[in-house]
Every structure is written in C-alpha cells, then in structure tokens.
1. Which numbered condition in (1) of a type in the set (A, V, I, L, M, F, W, C); (2) open to solvent by less than 10 Å² (accessible area, probe 1.4 Å); (3) outside any loop (DSSP other than H, G, I, E, B) is the only one that Ala143 fails?
2. Which condition does Leu9 not pass, out of (1) open to solvent by less than 60 Å² (accessible area, probe 1.4 Å); (2) among the aliphatic types (A, V, I, L, M); (3) closer than 24 Å to Leu308 by Cβ, if it passes all the others?
3. Of everything in region 163-201 that's closer than 19 Å to Ile235 by Cα and open to solvent by 20 Å² or more (accessible area, probe 1.4 Å), which residue is nearest to the chain's Cα centre (by Cα)?
4. Just to be sure, is Ala264 assigned to a loop (DSSP other than H, G, I, E, B) and either at pLDDT 95 or above or crowded, with 24+ Cβ neighbours inside 10 Å (or both)?
5. State whether one or more residues within region 34-41 are modelled with pLDDT under 95, open to solvent by less than 70 Å² (accessible area, probe 1.4 Å) and either of a type outside the set (A, V, I, L, M, F, W, C) or in contact with a Ser or Thr (Cβ under 6 Å, 6 or more places away or on another chain) (or both).
6. Could you check how many residues of region 216-244 are open to solvent by 40 Å² or more (accessible area, probe 1.4 Å) and within 30 Å of Gly32 (Cα to Cα)?
7. Kindly provide the set of residues from region 47-82 that are of a type in the set (Asp, Glu) and crowded, with 20+ Cβ neighbours inside 10 Å, ordered by number.
Amino acid sequence: MAIFHTNKLPGRTVQTLDGKEYLWFSGTDYLGMAYNSDFQSFLEEGFENYGTHFGSSRNGSLRVSIYSEAEERFANWQTAESALLISSGMLAGQLLMREIDSIIHQIDKPDRIAYHYAPKVHPAIWGTDYQSNTLEWNEWAAATVTKINADISGTQHIICSDAIGSPMVEQFDFSIFNKITQPDNCRFIIDQSHSLGILGKNGIGIAGQFGSSLRSRIVFVSSLNKALGIPAGLIWGERKIIDLLGKSPLFAGASPSAPAYIFAFNKMLETGCYAKSRAELMQNISHFNRQLQNAKNHFVTIPAYPVLYNVNPALFDFLLESGIMASCFSYPLPTDLPVTRIAISAAHQKEDLDWLAEVCKRFIS
C-alpha cells in the first residue's frame with residue numbers, strides 16, 4: 001500500500017511533501033467544507049466569540065448555550081425530538097452502545113434485550129455482545145424481520161446498521177423493516193456518518209425509508225466530520241433516550257467539541273449554506289456521471305452519491321500516473337481486500353470531473 005505525506009489539508013487538490021500536486025478524489029469531505037469560504041467565515045467569528053476550546057464538562061455549573069442552540073436547530077432539521085452533541089462520532093456511537101441496555105430497560109421494561117448487527121456494521125456501534133456475520137445485507141435484514149415477527153416473548157430487539165455501506169458502497173433498503181408486525185418490540189440504532197448531509201430530502205439521510213410506526217423507534221448516530229466538516233458527533237431521536245444519555249458519566253466526563261465549530265455548524269444550518277453546497281455536489285455528481293457514460297458499469301456506486309469504487313488494485317496507480325489521487329487501503333482490518341475508492345466533492349470543478357472521467361474510461365478500455 002502506497003503512503004504519501006503532506007503538510008497541508010487537501011481541498012480539490014493535494015500537495016505531497018515531495019513537491020507533487022494531484023487532484024484530490026478521496027476522503028469524506030463530500031460538501032467541500034475544508035476550504036469553504038462561508039464555513040471559514042463563520043468559524044473565524046466563532047473563535048472570536050468563544051475562544052479556542054471549552055475545557056469543562058457540559059454538565060458543569062456553567063453552560064455554554066451554543067451547544068443546546070445547535071442541537072435544537074439540528075433536531076428541527078431532522079424533525080427529531082431531541083439531539084445531543086458529542087466530541088466525536090466514534091464516542092457518540094460508543095456512548096450510545098454503552099448506555100442503551102440500561103436505557104431500554106428503564107423505558108421499555110423488557111424481559112430481555114436481543115441485538116441484531118448488520119453485516120460490516122461500523123465499530124462505532126459495536127456493543128459488548130457484537131458478533132460479525134458474512135450474510136448479504138438484504139439476506140440479514142429479511143432473516144431479522146422473520147425472527148422478530150416469530151418471537152412471542154417479552155424481548156426488545158435492537159437492530160444496528162450503517163445507513164449506507166462504506167468503503168464498499170452499498171445501498172440498503174430499510175423499507176423491509178416496515179414488515180415488522182409489532183414495532184413496539186424493536187428499536188433501531190443507525191449510523192448515518194456517510195449519508196448525513198447527502199442522501200434523502202434536503203440531505204437529512206435515510207429516515208424517510210421508514211414508516212411512521214418505526215420512525216419513532218430509531219436512534220441515529222453520526223460523525224459530523226465528514227460531509228458537514230465539524231470535528232464532533234451527534235446522537236438524535238426520542239427525547240427520553242437523549243435526556244438519559246445526557247446524564248451518563250461518559251457524557252459528563254468527556255470534554256465537548258470546540259464551541260467555535262458548533263457556532264459555525266449552527267450558522268451553516270441556519271443560513272442554508274450546507275444546502276447550497278449539497279446542491280453543488282449533486283450537480284458535480286450528475287456532470288461526472290454524464291461524462292463517464294457506459295463506463296459506469298465498471299464501477300460500484302449508487303444514484304446521487306459521491307463515491308464509487310473498483311476492486312482492481314491497478315486502478316489506484318493508473319489514476320496516480322494521471323495526476324489523480326484516490327485511496328486504496330484495507331479497511332477496517334489490515335487483512336481486508338483493498339479497494340480503490342474515488343470520492344467527488346462540492347469543491348471540484350467541471351474540468352476536474354472531466355479529467356477523472358477520461359482517465360477512468362482509459363483504464364477500462
């Protein structure tokens with residue numbers, strides 16, 4: 001696996017320490033926040049107002065109001081009851097998994113709890129009883145629905161899944177869970193890290209795939225340090241669950257994300273700047289797909305999504321020789337099959353996309 005070093009964060013291009021410059025088609029900065037002028041302006045204002053960090057607990061005697069303001073704005077965007085900002089997406093997931101057993105026993109009072117983990121689910125939402133499986137996602141989902149519908153005991157079933165496959169791009173059809181006959185017997189924990197800000201109406205993610213009877217049974221978790229560009233994480237869903245998570249020693253004992261970034265996050269939502277960048281991203285995806293044409297069959301992707309991949313390891317070097325840096329590494333285990341992953345962002349220009357399409361077509365010809 002080739003490794004490159006840089007001392008400057010990539011935008012639409014990246015410069016390596018050996019002096020070479022490449023078009024940057026990698027990472028997860030889907031909305032191009034790294035050098036977004038609106039975001040930088042709000043962040044500068046945030047640092048002026050809030051300093052560089054808040055070295056305290058959010059449960060302390062002094063509360064910085066921007067956290068709750070941003071949580072309320074985000075929850076309104078998601079039409080969720082409540083939301084909780086955490087210092088990272090990984091911590092958000094692990095806080096939820098550490099506390100969910102106790103919370104569900106308080107709220108639902110089941111005889112027992114059973115967990116159902118989707119294939120290749122992100123480690124952020126692995127619980128203590130996590131076991132991997134090799135099923136296809138649709139096969140696993142159908143079997144899970146059958147198992148829950150056949151259960152007549154007092155069990156509360158918790159279904160844990162990513163919203164979308166990554167780095168192997170895969171679209172999941174969550175509508176299959178609408179076949180669950182007793183929705184009160186199940187809850188969902190879904191990691192939206194690679195869908196938030198991109199998929200769904202106005203970028204809210206995959207919540208629209210669930211019927212109304214199930215939507216209230218979902219707790220979402222996400223890193224914000226992907227499409228939205230914020231070094232923080234979020235949990236959102238039912239107010240009772242969010243309130244109990246906010247009382248957890250793991251939440252109280254963790255330092256919060258820098259309030260300047262949360263101020264910028266709040267302003268980006270308030271002013272519609274995220275929506276503007278998402279519209280630019282969708283235009284870039286459509287333009288690239290038109291240029292790639294029939295060659296799309298040689299790559300794996302899904303509609304209106306900025307990532308595509310190919311399992312041929314030679315693709316990475318071929319792109320690199322043409323001035324394009326994608327990514328190619330094993331994930332999440334070093335023994336996993338490496339794939340060449342190409343990511344489009346809102347920051348790319350039309351000529352960048354034209355050249356990427358041309359190089360991809362040359363590779364498969």
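The values are calculated or read from the model by the stated rules, or taken from the named source; none is laboratory data. Keep in mind that what you see is a predicted model, and the values were worked out from it rather than measured. Glycine also receives a Cβ, built like all others from the backbone with ideal geometry; neighbour counts cover every protein chain displayed. Ligands, DNA and RNA are excluded from the accessible area calculation, which covers all protein heavy atoms including side chains. Shrake-Rupley method; radii C 1.70, N 1.55, O 1.52, S 1.80 Å.
1. (2)
2. (1)
3. If we filter region 163-201 for residues that are closer than 19 Å to Ile235 by Cα, which is where we start, we get 163-164, 186-200.
Narrowing further to those that are open to solvent by 20 Å² or more (accessible area, probe 1.4 Å): 194, 199-200.
On the way: His194: 3, Leu199: 10, Gly200: 13 Å.
Among them, the one singled out is His194.
4. Against the criterion (assigned to a loop (DSSP other than H, G, I, E, B) and either at pLDDT 95 or above or crowded, with 24+ Cβ neighbours inside 10 Å (or both)), Ala264 does not qualify.
5. The answer is no; no qualifying residue exists.
6. Looking only at that region, the number is 3.
7. The one that is of a type in the set (Asp, Glu) and crowded, with 20+ Cβ neighbours inside 10 Å: Glu71.
Matching residues to (1) farther than 30 Å from Lys201 by Cα; (2) without any contact (Cβ under 8 Å) to a residue 24 or more places away in the chain; (3) touching a Leu at 6+ places or on another chain (Cβ under 8 Å):
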{"residue": "Ile3", "(1), (2), (3)": "yes, yes, no"}
{"residue": "Gly11", "(1), (2), (3)": "no, no, no"}
{"residue": "Lys20", "(1), (2), (3)": "yes, yes, no"}
{"residue": "Gln40", "(1), (2), (3)": "no, yes, no"}
{"residue": "Phe54", "(1), (2), (3)": "yes, no, no"}
{"residue": "Gly60", "(1), (2), (3)": "yes, yes, no"}
{"residue": "Tyr67", "(1), (2), (3)": "no, no, yes"}
